[in-house]
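Trainee: What follows is a single structure, and I will ask about it in a moment.
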Amino acid sequence: MGRKGLAMATTPANDQLTPAGNLGPATALVCRECGARRDLGPHYACEECFGPLEIDYAFGDLTRADIEAGPQNIWRYKGLLPVPANVADTPNTEPGLTRLVRADNLAEALGLQRLWVKDDSGNPTHSFKDRVVAVALAAARELGFKVLACPSTGNLANAVAAAAARAGIRSAVFVPSNLEQQKIITTAVYGGTFVTVDGNYDDVNRLASEIAGEQEDWAFVNVNVRPYYAEGSKTLGYEIAEQLGWRLPDQIVVPVASGSQLTKIDKAFQEFIKLGLVEDKPYRVFGAQAAGCGPVAAAFKGGHDVVRPVKPDTIAKSLAIGNPADGPYVLDVTRRTGGAVEDVTDEQVVEGIRLLARTEGIFGETAGGVTVSVLRKLIESGQIDPSAETVIINSGDGLKTLDAVAPVVAPSANIKPTLDAFRAANLA
Ligand SMILES: [Zn+2]
């Protein structure tokens, strides 16, 4: 597969194509490397060069008022997603419109003037993955799949199991067996087929691709339905722009696992600019990784175009993808926009979780801690402009990664239930 190419795939004139009626504005699949096009279907790799496929669209006229009149979830943006026009009528978990929190306390602690936290722990299964799964489920139904499946580092497992349960279809979820206990319980509770695999995420992902080759009616959301699934992350970008009052931030820091979320937020901003929904202005995109799994940060800092796979070793398990599919495109976006990709140690991840909790009352998962600490590092190194408006993403809930902070937090005291005991403890 070629490394470069149409990373910033712009929409060519596609007047000759009729939008596929049952997948909304989506018109075709286009290869991100060589630009080859093919009809919409259950495909994810280019027939010419094996490059990843991306959805192409013919967007209709869409106004801010149209979007504002839509449902209080991601389906307000259905006119920009590969989903049927009646998508809101079929059962799904209805993710989206999570809080954009003005984070003045954290901003002050870090020396920033204006900071926002997009808190995606507010989704139905407490991570941003509900967004991508909702879009994948809607597309998978149209494409004729019967089972919703995935390899996962945990959050996706929760989202797939829950969405399938609500949709009344079967789920099949595969995770590494060393996953956090919280994420195992919060997947198993929804029922469905749930398999722990002795191996790391990259092993589980490879196994899923092999199973997908045999089980033709299984939609592995992040494998054979990936082009549709990945588009769900655009809704994070749309929401940030809408919640800022229909404008783009100056700087945004996004956690990087596969890298898809970062590239899709950029795509969302570009689409809003092209559609005239926000003013065109420069913005800088930054990626955040854990040092124990920082292949994209290493490539960025080394000035490389190729991302060299690593063996993950970090407490930030939701970011522990050693061979990130969208790594090269993360390099493209961050370099194009004047951003960067940085990484932090596990100790700094825990500090980041605690800082966000202490300053803003938001208990983020390890990926949130990565993002906060990378933000701090980028400020200290002068790469983030402290006077420019900044948004960071908290992609999941700290209740799912309790082990990360359990050793370093505790009650202030343990006392008998008497006023004397309270006085003696010097807590006043
Ligand atoms: Zn191709």
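The values are calculated or read from the model by the stated rules, or taken from the named source; none is laboratory data. Just so it is clear, the structure is predicted and the values come from calculations on it, not from any experiment. Ideal geometry is used to build each Cβ from the backbone, glycine not excepted, and the neighbour counts take in all protein chains shown.
Trainee: How about the stretch 29-73: which of its residues are farther than 26 Å from ASN222 by Cβ, acidic (Asp, Glu) and under 24 Å from the mean Cα position of the chain (by Cα)?
Mentor: The one that is farther than 26 Å from ASN222 by Cβ, acidic (Asp, Glu) and under 24 Å from the mean Cα position of the chain (by Cα): GLU68.
Trainee: Of everything in the stretch 20-62 that's among the charged types (D, E, K, R) and more than 11 Å from the ligand (Cβ to nearest atom), which residue is surrounded by the fewest Cβ atoms within 10 Å (Cβ to Cβ)?
Mentor: ASP61
Trainee: Related question: For the stretch 125-161, which positions are more than 21 Å from ILE392 (Cα to Cα) and surrounded by fewer than 24 Cβ atoms within 10 Å (Cβ to Cβ)?
Mentor: Filtering the stretch 125-161 for residues more than 21 Å from ILE392 (Cα to Cα) gives 133-154, 157-161.
Selection gives ARG141, GLU142, LEU143, GLY144, PHE145, LYS146, VAL147.
Trainee: Sticking with this structure for a sec: On the given criteria, is GLY70 part of a loop (DSSP other than H, G, I, E, B) and surrounded by 24 or more Cβ atoms within 10 Å (Cβ to Cβ)?
Mentor: Taking the combined requirement at face value, the residue does not satisfy it.
Trainee: Applying the selection to the stretch 376-413, what residues are touching a Phe, Trp or Tyr at 6+ places or on another chain (Cβ under 8 Å), at pLDDT 95 or above and assigned to a helix (DSSP H, G or I)?
Mentor: At the first step, the residues of the stretch 376-413 found to be touching a Phe, Trp or Tyr at 6+ places or on another chain (Cβ under 8 Å) are 378, 383-384, 389-393, 395-399.
From what is left, the residues that are at pLDDT 95 or above are 378, 383-384, 389-393, 395-398.
Listed by number, the residues that qualify are LEU378, GLY398.
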